[in-house]
Each structure stands twice: as structure tokens, then as C-alpha cells.
């Protein structure tokens, strides 16, 4: 990126502000755009202190005249490439980069990048802890909390970075080139944005686009899409497989209750699953992926094992909240699609009262509902999708369904109907928008309601 460019940054959320600060730090000028006319220009400029003199703000509709002198556009992952705003920028022949592409171009050091439909946050957080155990300069960025752009200027040749990367962010990569990439799994999600499953798969697999024979990609052997991808002779990076269901000659897999690393059939025990704080088979897979990345980045196995044993579950991902009158409450607000919600349900060791529902991402709920049999006692539904989920559940013969108007009512209903030894699980299988700002707010409110019982 040219130091003195005039750059349009689309989106005034956390990643947009971080991208704008990075451009200012490199001597550029910023035009910040947001389609929300209700925002206040002075509030947005407060994010930039003394640098606000080099920031102008456009709210509402973007006009061609607003783009005079603009040489580059940085787009927030929340803005679809099909939006009218993008058409205006394209029409003006202004190149569009994503926030992670900008960060990558401005950063130094080694990079591991993790994507997949589910498990990204846990795997990224665990990988970050593994790298921290061995490297002084470790950065954990991306969807996990700190925007990549907010840390890029702090990185040096000695740094190691692990980034959680979404499909929305992968849509706009150009030169983005991780030393180690990982695709954990691919199941239907965000089809309202990506249109077809084929398109979604192609975007996810694009994380390897610029990798070479010197690099590595960590792939899930049990995922048919990823198995086919990993066995493609055209794929350039070296593949490291992991599997929770198949014994591998090379890669990470299970041997009874041990997670093991196999090289030409020789086994090294990484950890016994009973020594971990993480619940469920999907978490064994997350641990395997994190261990594979750590090992590839030069961390000794003894350190990897120690970190895995002490690692606590990530907030909002099958997070234990409290036990009350013999009932255990779990927060899985990060379960924003049916496949993630299936994993959370499978991790519950006993009868479960499930709180679900939210924003409609045009998901299909059949596979998830099939998991209810013998496990879910009651389904408590909230949000926009509650009628759609209720209809799907009834089609599959599940009728123990209740509606709640908000999270407080949902938690109270669960407390009334739960018996000693039951589990109450918030795992919505849907996005949070409409009722909550994001999945984090939804999870926090759930926890507050549980603690208030």
C-alpha cells in the first residue's frame, strides 16, 4: 500500500476503525463510509484523536463525487460484494481490498491462518496459547476479537501470528499467504451471502490460493469435501491430516482415548482426552488441528501437551455457566449454524433442555433436529426462525416445543422444566441479529439471566 494514498474505508465497526487507523499510521488519508445515516460524524471521528484532521466521513448513500481522488477501497467483511455500494466503487474503477489483505500487506513474521465452518475460535485461541508458550512475540487476531489491522504495525520478522479467518474475509484476498493454513470442516452456512454451496466451498479452500510447496495446510480427513481437496495433485502446500474417526498412518488421530501423532505408523501420544478441559469429539478435532499448527511452527510436543491440558473453553463455546439445584447450564451462543449446534448437543452428557432460534441465514435444520431424539427433553424457541424450526421439529416427530419472547423468559422456562441431572443449553443454530448486536451479547445476556435465577 502506497504511504500517501487517499483510501476509502467502508464500515465503521471495529474492523473498519482499525483499518482506518492503520492507513493513517502509514501516512495515508481516510474517507470513512457507512450506509447508516443515523450515525454521527463527530462520534466516528473521536476514534482517531489528533489524526482526525485526515479523516472525512460519508454517511448514507455513496455518490460518485464522494470518490474523487480515492485510489483504494478497504471493505469491511460485513458488506456483501453484491451491495449497491460495491457497484459504485467498481464503476469508478477503484481497486477493492479486504481488511485482512490490508493487514497482511502491512505485517511481518510468520502467519498461521485458520478457517472452517465451525471450531475456528476454539482452535485459534488454543493455537495462540501453544505459540505463546514458545515465542515471545505472538499475535492472535481476526474474528476472535482483535482485528488483524490493529496489530499489523507491531509485528516484526520475529513475530508469529495466528488469525481466525471467515469466508466473508476470504472473498477479498489477493496476495494473502499464510505459512500454515487450516480448514477445519465445511458444512452449509452463510448461503444467504454466498449463494451456492459450491461457491462457499471454493471461498473456504481459497485460503491456500497463494501457498507454495514450502507451506503446509492442515485438513480434516473425515470431511469428504476436504478429503477430495487434500488429495488433489494440483494442491501445492504439504497436507497434514487430522481425524477423530479414522486411524491414520500419518497425521493426528485417536488411539482409544488418546490423541496421537503418527509418522509413518510411529505413534506419539499428544494428550489423553480425560486430561483436557474441553468436551466433545469436535473439540478433539480442534485440539488436533491446533497441535498440527503448533508443531509445524516449531513448538516442541511437550509444550503443546502442557498447554492443551490447561486450556479452558472459549467464552460462548460450550462454556459452563453454573450448576443450580442439580441442573448444569451451558452457553454455546457461538453455535450460530445447525452443524455447530449439533456438536454442542452431542457434548451434553445427559437430558437437555435446548434454547434455540434467531436470525434466518437460510439454513436447513433437518440434520440438527434428527439429533434431538433421546437427548432433547424440551425445545425453547426465540427469534425470527422459531416458526421455521418448530415446523421442522414437528415434521421429524418432535413436539415438546415452547416459545419465549426474550432470553430472560427462555431461561426461566428452562429452570421450571429442568429436573436434577438435566442440562440447559443455549445453542441457537442461528445468527443473533435482530434480537442482539452479536453472539457475544446474546451469550452475556444468557449468562446474566442464569446467574439471576
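What percentage of all Cα-Cα pairs in the stretch 376-418 are separated by more than 12 Å? Could you put the intermediate results ahead of the total?
Details: 518 of 903 pairs.
Everything past 12 Å amounts to 57 percent.
If you scale each eigenvalue of the Cα gyration tensor by 5 and take the root, what three semi-axes come out for the stretch 73-175, rounded to whole angstrom and sorted largest first? If you can, show how the numbers build up before the last one.
Numbers: eigenvalues 154, 49, 14 Å².
Working from the Cα gyration tensor, I get semi-axes of 28, 16, 8 Å.
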When all C-alpha to C-alpha distances in the stretch 231-294 are sorted into bins of 5 Å, what percent of pairs does each bin hold, rounded to whole numbers? 4, 19, 29, 24, 14, 7, 3, 1
Length gain on complete extension for the stretch residue 236 to residue 395, per 0.36 nm per residue less the alpha carbon to alpha carbon distance? 52.7 nm
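Cα-based Rg of the stretch 95-149 per 2.2 N^0.38 Å, rounded to two decimals? All intermediate terms of the calculation are to be shown ahead of the outcome.
Details: Rg = 12.0 Å, N = 55, 2.2 N^0.38 = 10.1 Å.
Compactness ratio reported: 1.19.
Using the alpha carbons of the stretch 347-393, what is the convex hull volume per residue in cubic angstrom, as a whole number? Don't skip to the answer; put the middle values down first.
On the way: hull volume 3.6 nm³, N = 47.
Here the figure is 76 Å³ per residue.
Looking at the stretch 354-445, what % of its DSSP beta bridges pair antiparallel, to the nearest 5? Provide the component values of the computation, followed by the final result.
Numbers: 1 of 9 bridges.
Taking every DSSP beta bridge with both residues in the stretch 354-445, the antiparallel ones total about 10 percent.
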Contact order normalised by residue count of the stretch 1-62, Cα under 8 Å, 6+ apart, percent: 34
Label-to-label distance, nm, for residues given as residue 199 and residue 134 (7 Å Cα→Cβ offset): 4.0
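Relative contact order for the chain using alpha-carbon pairs under 8 Å, separation at least 6, rounded to a whole percent?
Once normalised by length, the contact order is 11 percent.
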Determine one quarter of the surface area of the Cα convex hull of the stretch 172-307, which equals its mean projected area, and express it in nm² to one decimal. 9.1
Net length gained if the chain between residue 61 and residue 25 were fully extended (0.36 nm per residue, minus Cα distance): 10.2 nm
The chain: C-alpha pair distances exceeding 29 Å, %: 51
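Taking 30 Å as R0, compute the FRET efficiency from the Cβ-Cβ separation of residue 419 and residue 452 and round it to 0.05.
Numbers: r = 21 Å, r/R0 = 0.69.
The computed FRET efficiency comes out at 0.90.
Can you tell me the convex hull volume per residue for the stretch 386-441, based on C-alpha atoms, in Å³ to the nearest whole number? Mind showing how you got there, number by number?
Values: hull volume 6.0 nm³, N = 56.
Convex hull volume per residue, Cα atoms: 107 Å³.
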List, largest first, the extents of the alpha carbons of the stretch 1-141 along their principal axes, each in whole Å. 51, 35, 29
How far apart, in nm, are two points set 7 Å out from the Cα along the Cα-to-Cβ line at residue 108 and at residue 83? 3.4
Treating only the Cα positions of the stretch 306-453 as identical point scatterers, give the base-10 log of I(q)/I(0) from the Debye formula at each q in 0.15, 0.18, 0.20 Å⁻¹. -0.67, -0.98, -1.23
So what is log10(I(q)/I(0)) for the stretch 115-192 at q = 0.24 1/Å, when the Debye sum runs over its Cα atoms only? -1.31
Using only the alpha carbons of the stretch 8-75, determine the length spanned along each of the three principal axes and report them from longest to shortest in whole angstroms. 27, 25, 20
Once both label points are put 7 Å beyond Cα along the C-beta direction, the residue 246-residue 302 separation in nm becomes 3.4
Given R₀ = 22 Å, FRET efficiency for residue 309-residue 255 by Cβ-Cβ distance, to 0.05? 0.80
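Among DSSP beta bridges whose residues both lie in the chain, state the antiparallel percentage, nearest 5.
Values: 17 of 74 bridges.
So the antiparallel bridges amount to about 25 percent of the total.
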So if R0 is 60 Å, what FRET efficiency would residue 90 and residue 277 give, r being the distance between their Cβ atoms, rounded to the nearest 0.05? 0.80
Here the relative contact order (percent) of the stretch 127-231, from C-alpha pairs under 8 Å and at least 6 apart, is 24
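Quick one: if you take sqrt(5λ) for each eigenvalue of the C-alpha gyration tensor of the stretch 310-359, what semi-axes come out, biggest first, whole angstrom?
Values: eigenvalues 61, 42, 22 Å².
Ellipsoid semi-axes (Å, largest first): 18, 15, 11.
Convert 37 °C to kelvin, take the viscosity as 0.692 mPa s, use the Kirkwood radius over C-alpha pairs of the stretch 257-363 as Rh, and evaluate the Stokes-Einstein diffusion coefficient in µm²/s, rounded to a whole number. Walk me through the numbers on the way to the answer.
Numbers: Rh = 15.7 Å.
In µm²/s, the coefficient rounds to 209.
A short reminder: the numbers here are calculations on the coordinates, not readings from a lab. Please read these numbers as outputs of a predicted model, since none were measured by experiment. Every residue, glycine as well, gets a Cβ built from its backbone with ideal geometry; the counts of neighbours run over all protein chains shown.
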